[in-house]
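The structure appears below as structure tokens.
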Amino acid sequence: AAAAGGSAKRKSRDKSGDPAGGWKDRENTWAYVEGLPHDVTEEELQAHFSKCGIIGVETHSGRPKIRIYRDEATGAPKGDAVIGFLRAASVDLAVQLLDEVSLRDGSADAASGAGATLSPAASTCFDR
């Protein structure tokens, strides 16, 4: 099912001038994707999703902001991940263009054979 467009927002402390320490909206730059192949790699995800915008880079490691969820016991990918883009508009574009699109050029991605399902991440807590 296609996800609705629109970026989720969260509140963040405005440090630039509000003496009352007010809060401002911060756009969500993370996309959640499920239905991925269980052997998906960070490199595959970066190549696929960079079509929609610049993927952010972790400041401490220099690695792309891509988190593949893994089985705690085996370490194998579980079939879902989050992608951190530099801009919120890239999340919307990715949802529009890549929702239900196969990661591997038409090959079956999951047991159902459907493409990956993409949506804005429910939380922006991944930014640290």
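The candidates K78, K65, arranged from most to least accessible area with a 1.4 Å probe in the full protein assembly, appear as K78, K65.
Under 5 Å between amide hydrogens, built in the peptide plane, is the criterion, and for R26 it picks out R10, K11, S12 among residues at least 5 positions away or on other chains. Put simply, the amide H of R70, placed in the peptide plane, has neighbours under 5 Å in K78, leaving out anything fewer than 5 places away on its chain.
Ranked from largest, the principal axis spans of the Cα set of the range 26-104 equal 35, 33, 21 Å.
Between G56 and K65, G84, F85, L86, the built amide H atoms are under 5 Å apart, and every one of these is 5 or more places off in sequence or on another chain.
The values are calculated or read from the model by the stated rules, or taken from the named source; none is laboratory data. All figures in this text were calculated on a predicted structure; none of them were measured in a lab. Note: areas computed on protein heavy atoms with side chains; ligands, DNA, RNA excluded. Shrake-Rupley method; radii C 1.70, N 1.55, O 1.52, S 1.80 Å.
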